[in-house]
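Participant: Below are the structure tokens for one structure; questions will follow.
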Amino acid sequence: MPKVKVDGVEIEVPAGATVLQACEVAGKEIPRFCYHERLSIAGNCRMCLVEVKPGPPKPQASCALPAADNQEIFTNSEMVKKAREGVMEFLLINHPLDCPICDQGGECDLQDQSIAYGRGKSRYDENKRAVTEKYMGPIVKTVMTRCIQCTRCVRFAEEVAGVPEIGAIFRGENMQITTYLEHAAKSELSGNVVDLCPVGALTSKPYAFEARPWELRKTLGIDVMDAVGTNIRIDSRGRQVLRVVPRINDDVNEEWASDKTRHAVDGLVRQRLDRPYVRKGGKLMPAAWDEAFAAIAKVAKDAKGSVAAVAGDQLDCETMFAASSLVKALGGSLLEGRQGGLSYDTSSLSAVNFNTGIANLETADVILLVGTNLRWEAPLINTRIQKAVRKRGAKVFAIGPEVDLTYKTTWLGNDASLLTKLPKDVLDAFKGAQRPALIVGGGAIAIDGTHGAALALVETLGLVKEDWNGFNVVHLAAARMGALMLGFATQGGINAVAAAEPKLLFLMGADDVDPAKFAKSFKVYVGHHGDKGAHAADVVLPGAAYTEKSGTYVNTEGRVQRSDKAVFAPGDAREDWSILRALSDVLGKTLPFDSFEQLRAAMVAAVPALGVEGVADYGWSVPKLSAKPKGEFAYPIKDFYLTNAICRASPTMQRCSAELVHGETIMEAAE
């Protein structure tokens, strides 16, 4: 490990570290624009200049210079100060002075660093250049005159998103960053370039001119748009969520978020349920809480234990525990969380878990994908495979309909029976693998026999080793693993629940249940949007969305995480657990908790694993299942941008769907 001196202090740094990283280890702040920890080194902004001895008598770019033994690095010498002032002066030559109207104001690296390292005045008297605006789609707003050509967006598109559609044209001062033929960026992760841009050249189009950063209240939360469990920060003003941005968590999402995570939030204020409704004469009519509760109590009185609850895809664990407690208090036992119709075996949670871990997946060397379009089902897991392919040369095989996964994939066909007779080249690749991985998607596990056939491959492919478990199932719903831990899994799935014909059915934010299956049931919908579930209900009770309540979520790898309440629910809407607690009083089955803290304590007492943040330990066991799959796989997600009630209410997601999925041409106002 090299030993270097930084401003007179000797430190030891890892082999391969750069001078910039050595300075950071020493606690020195080095300004930069093009350098980013998760992207390749470009070395083109020159803001990170430092003085290094021995070496040429001039400042050097610390981001691209390897740290070596006996180096002396100076970060605050007169040479460095003058060099940084010169670089900043050049960067500002063509940059427009429009900070007061720039959306990046208050969060702009150029703004901050020009104050800290700039000269305070410019010697440039010529006209500034101007660049025509570029069209990058419904998510990214461009003001390319501000661009300083750091190329972070270019490198992100190629190296992380895997869609190399952003690049540079022309040369010198005429250089411009643009998408290919100025079409919309077609990556599900395109919104991340807004966070990466160190100036105001790329900003968020849906959030444009909504608020300044110092006006916002920031709340730590967990995303519920997929099962990855992306760590997010919810920025709100008053009672409205204005934006969602990712938080850094190297074990889950690094510092990225999908476009759906970021921009579905404008659906939180549209088509909301803000009062109870009761169906009268075939129509849902507004009602008071006591009237709605009385209608439910009338049915519950005659139900005699014929009660069921179906959990939606975005539910927190506390709400599911409260719902199960109420169902059991009423004498029922039918609980189900797989509203889409899946009915796989849940006797072993490890057999339906993402056992490798999201972060560990990037170290895999051979991967077999079975019936999964990871680019839509879990974009941030897909980026890990992209990294494994790009950095480690991992081989990827796939069974299912061919799609562009952003990395080289060998497609084996679309026949479930291939799991029982894998080609020789696949078997040979796994035989020599140190870290093999099998990933089963929602499209595969829906076919009878696929789960068993996949588990049979554990031994055949050598997936489980002393310090490695390569068997993985990707779930699509944020609530799925939490629901399984809480017992929301009836043998036979939703069809078995429907066959029991429960007299009273609680739809807990469940919008994708086929109402025809429950034609004889009295349906109570507890949720936040007037979507499919509310339309089919006999009583609608307005609940809270994920930003309006605290809760515990378990992601697809079994990681227990907690989210905080950012804003209050609109109108008469209440947090779901408090609705169930009040209803239990009316039904004469009072639940044993009066506060959220008591509810969480009761839940943890029942399922201790939900009380410890981090990856739950499910052990490892393989149930004996049928292993004779047949038929073709079909991916469950048909439209990435419209997968839940919040997205379907979001104008931004509707526009993304129209333009990016269905190819519709969206005209700008000026056109």
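The values are calculated or read from the model by the stated rules, or taken from the named source; none is laboratory data. Here the structure is a predicted model, which means the values were calculated and not measured. Here the Cβ is made from the backbone with ideal geometry for all residues, glycine too, and neighbour counts use every protein chain on show. What goes into the accessible areas is simple: the full protein's heavy atoms, side chains included, and nothing from ligands, DNA or RNA. Shrake-Rupley method; radii C 1.70, N 1.55, O 1.52, S 1.80 Å.
Participant: Take the Cα radius of gyration of the stretch 584-671 and divide it by 2.2 N^0.38 Å, with N its residue count; two decimals is plenty. Don't skip to the end; give the middle numbers.
Facilitator: Numbers: Rg = 23.4 Å, N = 88, 2.2 N^0.38 = 12.1 Å.
Compactness ratio reported: 1.94.
Participant: How big is the Cα convex hull of the stretch 529-639 in projection, averaged over all directions, in nm²?
Facilitator: Values: hull surface 47.0 nm².
Approximately 11.7 nm², given one-decimal rounding.
Participant: So how compact is the stretch 95-248: Cα radius of gyration and Dmax in angstrom?
Facilitator: 16.7, 54
Participant: Then there is this: Per residue, what volume in Å³ does the Cα convex hull of the stretch 73-149 take up?
Facilitator: Dividing the Cα hull volume of the stretch 73-149 by its residue count gives 128 Å³.
Participant: Could you list the chymotrypsin sites (Phe, Trp or Tyr not before Pro) in the stretch 136-226 that lie in coil according to DSSP, counting only those with at most 12 other Cβ atoms within 10 Å of their Cβ? Before the final figure, lay out the partial values.
Facilitator: Working: sites: Phe156, Phe170, Tyr180, Tyr207, Phe209, Trp214; in loops: Phe170, Tyr207, Phe209.
For chymotrypsin sites (Phe, Trp or Tyr not before Pro) across the stretch 136-226 that sit outside H, G, I, E and B with at most 12 neighbouring Cβ atoms in 10 Å, the list reads Phe170, Phe209.
Participant: May I pose another question? For the chain, what relative contact order do you get, as a whole percent, if you take Cα pairs closer than 8 Å and at least 6 residues apart? Please list the in-between numbers first.
Facilitator: Working: 1432 pairs, mean separation 97.0, N = 671.
Value for the chain: 14 percent.
Participant: Counting each pair of different Cα atoms once, what's the Kirkwood radius of the stretch 142-189 in Å, rounded to one decimal?
Facilitator: Across the stretch 142-189, the inverse of the average 1/r is 11.2 Å.
Participant: What relative contact order, as a whole-number percentage, does the stretch 147-208 give when Cα pairs under 8 Å and 6 or more residues apart are counted?
Facilitator: Numbers: 62 pairs, mean separation 19.9, N = 62.
With pairs under 8 Å counted, the relative contact order is 32 percent.
Participant: Which residue, Asn355, Gln386, Gly371, has the largest displacement toward the positive end of the dipole of the stretch 292-399 when charges sit on each Cβ (Lys, Arg +1; Asp, Glu -1)?
Facilitator: Gln386
Participant: Working from the alpha-carbon coordinates of the stretch 357-467, get Rg over Rh, Rh being the Kirkwood radius. Please report the intermediate quantities before stating the final value.
Facilitator: Working: Rg = 12.8 Å, Rh = 13.9 Å.
Result for the stretch 357-467 is an Rg/Rh of 0.92.
Participant: Which value, to two decimals, describes the C-alpha radius of gyration of the stretch 489-569 once divided by 2.2 N^0.38 Å?
Facilitator: Values: Rg = 14.8 Å, N = 81, 2.2 N^0.38 = 11.7 Å.
Ratio of Cα Rg to 2.2 N^0.38 Å: 1.26.
Participant: Using the heavy atoms of the protein chains and a 1.4 angstrom probe, tell me the accessible area per residue for the stretch 565-671 in square angstrom. Each step should come with its number before you reach the end.
Facilitator: Working: 5700 Å² over 107 residues.
Each residue of the stretch 565-671 exposes 53 Å² on average to a 1.4 Å probe.
Participant: Could you compute Rg(Cα) / (2.2 N^0.38 Å) for the stretch 342-384, with N its residue count? List each step's numbers first, then the result.
Facilitator: Numbers: Rg = 11.8 Å, N = 43, 2.2 N^0.38 = 9.2 Å.
Output field value: 1.29.
Participant: Could you tell me what percent of the accessible area of the stretch 125-235 is made up of carbon and sulfur, with a 1.4 Å probe and every protein chain present?
Facilitator: 53
Participant: How about Lys53: which lysines have a C-alpha closer than 17 Å to its C-alpha, ignoring those fewer than 8 places off in the same chain?
Facilitator: Lys3, Lys5, Lys81
Participant: Output the 0 to 90 degree angle, nearest 10, between the alpha-carbon long axis of helix 289-303 and the longest principal axis computed from the alpha carbons of the chain.
Facilitator: 50
Participant: Taking the alpha carbon gyration tensor of the stretch 36-89, what are the square roots of 5 times its eigenvalues, largest first, to the nearest whole Å? Don't jump to the answer; show the numbers that get you there.
Facilitator: Details: eigenvalues 62, 56, 13 Å².
Each semi-axis is √(5λ); the values are 18, 17, 8 Å.
Participant: If you place +1 on the Cβ of every Lys and Arg and -1 on the Cβ of every Asp and Glu, how big does the dipole about the Cα centre of the chain come out, in debye to the nearest 20? Show your work: numbers first, answer last.
Facilitator: Values: 78 positive and 82 negative charges, 112 e Å.
Approximately 540 debye in magnitude.
Participant: Right, next: As a test of understanding, state the convex hull volume per residue of the stretch 468-534 from its alpha carbons, in Å³.
Facilitator: For the stretch 468-534, the hull spanned by Cα atoms encloses 117 Å³ per residue.
Participant: Additional query: Test of the criteria: in the stretch 277-382, which trypsin sites (Lys or Arg not before Pro) are in a DSSP loop and have at most 13 other Cβ atoms within 10 angstrom of their Cβ?
Facilitator: Working: sites: Arg279, Lys280, Lys283, Lys298, Lys301, Lys304, Lys328, Arg338, Arg375; in loops: Lys304, Arg338.
Passing both the DSSP loop test and the Cβ count: Lys304.
Participant: In percent, how large is the relative contact order of the stretch 514-567, given Cα pairs closer than 8 Å and 6 or more residues apart?
Facilitator: Working: 66 pairs, mean separation 13.8, N = 54.
Relative contact order, the stretch 514-567: 26 percent.
Participant: Between Val143, Val224, Phe518, whose Cα lies farthest towards the positive end of the dipole of the chain when Lys and Arg beta carbons carry +1 and Asp and Glu beta carbons carry -1, centred on the Cα centre?
Facilitator: Sorting the options by dipole projection puts first Phe518.
Participant: Between the helical axis of 596-606 and the dominant principal axis of the chain, each derived from Cα atoms, what acute angle in degrees is found, rounded to the nearest 10?
Facilitator: 70
Participant: Provide, for q = 0.06, 0.07, 0.09 Å⁻¹, the log10 of I(q)/I(0) from a solvent-free Debye sum over equal Cα point scatterers in the chain.
Facilitator: Normalising to I(0) and taking log10 leaves -0.39, -0.52, -0.84.
Participant: Here is a further query. Please name which of Leu610, Ala116, Cys45 has its Cα lying farthest along the dipole of the chain towards the positive end, using unit charges on Cβ (Lys, Arg +1; Asp, Glu -1) and the Cα centre as origin.
Facilitator: Final value for the positive-end residue is Leu610.
Participant: Turning to a different aspect of this structure: Restricting things to Cα coordinates, could you compute the convex hull volume per residue of the stretch 378-530 in Å³? Don't jump to the answer; show the numbers that get you there.
Facilitator: Numbers: hull volume 25.0 nm³, N = 153.
So the per-residue Cα hull volume is 163 Å³.
Participant: Right, here's the next one. Counting only protein heavy atoms and using a 1.4 Å probe, what share of the accessible area of the stretch 469-508 belongs to carbon plus sulfur, as a whole percent?
Facilitator: 46
Participant: What whole-number value in Å² describes the accessible area per residue of the stretch 185-227 for a 1.4 Å probe?
Facilitator: Details: 1380 Å² over 43 residues.
Accessible area per residue, the stretch 185-227: 32 Å².
Participant: Around Lys141, what is the net charge, scoring Lys/Arg as +1 and Asp/Glu as -1 over all other residues with Cβ under 9 Å from its Cβ?
Facilitator: Values: positive: Lys205; negative: Asp103, Glu133.
So the surrounding residues net to -1.
Participant: Now for a different question. Give the carbon-plus-sulfur fraction of the accessible surface of the stretch 1-63 in %, rounded to a whole number; probe 1.4 Å, heavy atoms of protein chains only. Each step should come with its number before you reach the end.
Facilitator: On the way: 1460 of 2920 Å².
After summing per-atom areas, the C and S share lands at 50 percent.
Participant: Considering only DSSP states other than H, G, I, E and B, which chymotrypsin sites (Phe, Trp or Tyr not before Pro) in the stretch 253-328 qualify as loop sites with at most 14 other Cβ atoms within 10 Å?
Facilitator: Details: sites: Trp256, Tyr277, Trp289, Phe293, Phe321; in loops: Trp256.
Hits after loop and neighbour filter: nothing returned.
Participant: Send over the Kirkwood Rh of the stretch 6-97, from the inverse of the averaged 1/r over different Cα pairs, rounded to one decimal Å. Intermediate results must be reported in sequence, preceding the final value.
Facilitator: Values: mean 1/r = 0.0735 Å⁻¹.
About 13.6 Å, per the Kirkwood formula over Cα pairs.
Participant: Quick one: what does P(r) look like for the stretch 541-587 with 10 Å bins over all Cα pairs, in whole %?
Facilitator: Bin by bin from 0 Å, the calculated values are 25, 41, 27, 6.
Participant: If you don't mind, there's one more thing I want to ask. How many nm is it between the label spots at Asp302 and Asp594, if each spot is 7 Å from the Cα in line with the beta carbon?
Facilitator: So the two model labels end up 3.5 nm from each other.
Participant: Which semi-axes, in whole Å and largest first, does the equivalent ellipsoid of the stretch 237-348 have when worked out from the alpha carbon gyration tensor as the square roots of 5 times its eigenvalues? Write out the running numbers ahead of the final one.
Facilitator: Working: eigenvalues 221, 115, 31 Å².
For the stretch 237-348, the semi-axes come out at 33, 24, 12 Å.
Participant: Excluding same-chain residues fewer than 8 positions from Lys465, which lysines have a Cα within less than 16 Å of its Cα?
Facilitator: Those lysines meeting the cut-off are Lys431.
Participant: What is the gain in length, in nm to one decimal, between Val9 and Ala68 on full extension, counting 0.36 nm per residue of separation less the C-alpha to C-alpha distance? It would help to have the intermediate numbers written out before the result.
Facilitator: Values: separation 59, 0.36 × 59 = 21.24 nm, distance 1.49 nm.
In short, 19.7 nm is gained.
Participant: With a 1.4 Å probe and all protein chains left in place, how much accessible area per residue does the stretch 407-493 have, in Å²?
Facilitator: Numbers: 3310 Å² over 87 residues.
It amounts to 38 Å² per residue over the stretch 407-493.
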